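Peer 1: Before anything else, here's the structure in question.
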Amino acid sequence: MSNATALRPHAESGTFGNAEPLLTVSNLSLGVRRGSNETKIVDDVSFDVNAKNRFGIVGESGSGKSMTLRAIAGLLPRGVEILSGQIAYRGRDLAAFSASERRALMGPEIAMIFQEPMTALNPVKRVGDQIAEGPRRHLEMSRKEARELAVDMMAKTGIPDPARRVRAYPHELSGGLRQRVMIAMALSCRPKLLLCDEPTTALDVTVQHQVLRQLEDLCDDFGAALVFVTHDLAVVNQTCSDLAVMYAGRLVESGPVKDIFRDPRHPYTRGLLDSAPDFDRPNRELLAIPGFPVNLADRPVGCSFAPRCSFAQKSCLTRSPSLEVVAPGRTAACFRTEELFQEGSE
């Protein structure tokens with residue numbers, strides 16, 4: 001049984017796979033092409049996000065989680081491209097959108113909150129004007145209406161004295177207030193899908209908790225689905241209802257958060273949970289995952305996690321496991337899933 005289930009009370013279970021998806025990622029591979037050679041950064045990843053659902057993606061740095069999010073937003077770095085697969089929003093392939101269609105989509109339908117607001121915000125433009133820009137463009141509001149909306153959104157995100165701070169520049173605000181400005185910007189056009197790329201990483205625990213609560217409340221108010229990328233299991237447990245675990249660019253486990261935390265079916269997921277503090281047992285020794293992540297340019301033939309896995313057997317070094325259904329609404333990519341389940345039940 002996992003020792004990390006007491007991190008925080010989990011969000012209510014979502015509708016994993018039970019409704020028509022708002023977002024469908026199908027067999028997505030991202031990477032770099034050099035002549036006839038391909039280096040895959042994300043390899044054959046598939047998942048669905050339903051309307052109003054809260055979907056988390058976790059994994060170590062370099063696991064491909066942020067790159068997957070950027071592919072959905074159409075913000076891949078130069079040189080990185082979609083090698084295969086499809087990203088569909090409301091049944092339409094995003095790759096088929098023209099540049100103008102993509103611009104019309106980003107804001108009123110899909111919005112993104114970045115990890116570091118100081119680099120995402122325009123340093124020479126007042127924050128109120130940056131919040132108002134989306135409503136003026138997409139909702140055809142007047143300057144006065146958009147400014148009033150900016151003040152209202154700042155108030156909704158918990159920024160004190162919004163009528164004064166609407167005229168502030170980003171450098172005049174603290175990290176927590178800048179992140180609230182980013183949330184206000186993202187939600188100003190009431191999008192149906194909100195993409196979050198580790199938006200609370202740079203914040204202290206108290207401010208992080210406040211920001212997450214406000215983000216959850218606003219998503220509930222606006223009816224927005226949430227895709228939350230993070231390496232912090234406590235944040236996932238607090239914020240998300242469903243979860244995908246990525247390792248070395250591949251999806252290794254998925255399902256409802258409460259089920260994965262209670263009964264992980266992949267050794268990597270178990271390693272992540274065992275390395276997190278358990279506040280019910282503060283004296284428990286934290287167990288680190290041994291070794292280092294694989295070099296994606298020289299991926300091993302078998303399971304990518306095998307060199308670090310205490311459950312690995314000979315076949316793991318020669319064959320790569322595929323995602324298989326291991327329980328209702330749950331998948332895992334491991335040859336020894338049943339043994340993990342039996343050991344966790346003891």
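The values are calculated or read from the model by the stated rules, or taken from the named source; none is laboratory data. The shown structure was predicted, so the numbers you read here are calculated from the model rather than taken from an experiment. Cβ placement follows ideal geometry from the backbone for every residue including glycine, while neighbour counts extend to all protein chains displayed.
Peer 1: I'd like to verify a number: residues in region 311-320 that are of a type in the set (Gly, Ala, Ser) and either farther than 16 Å from GLU338 by Cβ or part of a helix (DSSP H, G or I) (or both), how many?
Peer 2: Of all residues in region 311-320, those of a type in the set (Gly, Ala, Ser) come to 312, 315, 320.
This time we only want the ones that are either farther than 16 Å from GLU338 by Cβ or part of a helix (DSSP H, G or I) (or both), so: 315, 320.
Residues flagged as of a type in the set (Gly, Ala, Ser) and either farther than 16 Å from GLU338 by Cβ or part of a helix (DSSP H, G or I) (or both) within region 311-320 amount to 2.
Peer 1: Taking the conditions exactly as written (assigned to a helix (DSSP H, G or I) and surrounded by fewer than 21 Cβ atoms within 10 Å (Cβ to Cβ)), does ALA202 satisfy them or not? Show your work before the answer.
Peer 2: Details: assigned to a helix (DSSP H, G or I): no; surrounded by fewer than 21 Cβ atoms within 10 Å (Cβ to Cβ): yes.
Against the criterion (assigned to a helix (DSSP H, G or I) and surrounded by fewer than 21 Cβ atoms within 10 Å (Cβ to Cβ)), ALA202 does not qualify.
Peer 1: Taking region 156-174 only, how many residues are surrounded by 16 or more Cβ atoms within 10 Å (Cβ to Cβ) and free of Cβ contacts under 8 Å to residues at least 60 places away in the same chain? Spell out the reasoning first.
Peer 2: The first filter runs over region 156-174 and keeps only residues surrounded by 16 or more Cβ atoms within 10 Å (Cβ to Cβ), leaving 156-159, 162, 165-166, 168, 170, 173.
Imposing the further condition that a residue be free of Cβ contacts under 8 Å to residues at least 60 places away in the same chain reduces the set to 158-159, 162, 165-166, 168, 170, 173.
Here the count works out to 8.
Peer 1: Name the residue, out of VAL181, VAL227, that is out of contact with any Pro (no Cβ under 6 Å at 6 or more places or on another chain), outside any helix (DSSP H, G or I) and under 15 Å from PHE114 (Cα atoms). Write out each step before concluding.
Peer 2: Details: VAL181 fails: outside any helix (DSSP H, G or I).
Going through VAL181, VAL227 in turn, just one is out of contact with any Pro (no Cβ under 6 Å at 6 or more places or on another chain), outside any helix (DSSP H, G or I) and under 15 Å from PHE114 (Cα atoms): VAL227.
Peer 1: Of the residues in region 175-197, how many are more than 23 Å from MET141 (Cβ to Cβ), of a type in the set (A, V, I, L, M, F, W, C) and free of Cβ contacts under 8 Å to residues at least 60 places away in the same chain?
Peer 2: As a first pass, look at region 175-197 and keep what is more than 23 Å from MET141 (Cβ to Cβ): 175-179, 195-197.
Add one more test, that the residue is of a type in the set (A, V, I, L, M, F, W, C), and what stays is 177, 195-196.
Next cut, free of Cβ contacts under 8 Å to residues at least 60 places away in the same chain only: 177.
The qualifying residues number 1.
Peer 1: Would you confirm, using the coordinates I've provided, whether CYS189 is touching a Leu at 6+ places or on another chain (Cβ under 8 Å), modelled with pLDDT of 90 or more and assigned to a loop (DSSP other than H, G, I, E, B)? Walk me through how you get there before you give the answer.
Peer 2: On the way: touching a Leu at 6+ places or on another chain (Cβ under 8 Å): yes; modelled with pLDDT of 90 or more: yes; assigned to a loop (DSSP other than H, G, I, E, B): yes.
Yes: the conditions hold for CYS189.
Peer 1: Going through PHE261, PHE292 one at a time, which residue ends up being among the aromatic types (Phe, Trp, Tyr) and either in contact with a Phe, Trp or Tyr (Cβ under 6 Å, 6 or more places away or on another chain) or part of a helix (DSSP H, G or I) (or both)?
Peer 2: Values: PHE292 fails: either in contact with a Phe, Trp or Tyr (Cβ under 6 Å, 6 or more places away or on another chain) or part of a helix (DSSP H, G or I) (or both).
Testing whether each residue is among the aromatic types (Phe, Trp, Tyr) and either in contact with a Phe, Trp or Tyr (Cβ under 6 Å, 6 or more places away or on another chain) or part of a helix (DSSP H, G or I) (or both) leaves just PHE261.
Peer 1: Kindly evaluate CYS334 against the criterion of being assigned to a loop (DSSP other than H, G, I, E, B) and touching a His at 6+ places or on another chain (Cβ under 8 Å).
Peer 2: Numbers: assigned to a loop (DSSP other than H, G, I, E, B): yes; touching a His at 6+ places or on another chain (Cβ under 8 Å): yes.
So CYS334 fits the description; yes.
Peer 1: Being in contact (Cβ under 8 Å) with a residue 12 or more places away in the chain and in contact with a helix residue (DSSP H, G or I) (Cβ under 6 Å, 6 or more places away or on another chain) narrows it down to one residue among ILE131, ILE82; which is it? Can you show your working first?
Peer 2: Details: ILE82 fails: in contact with a helix residue (DSSP H, G or I) (Cβ under 6 Å, 6 or more places away or on another chain).
Answer to the check: ILE131.
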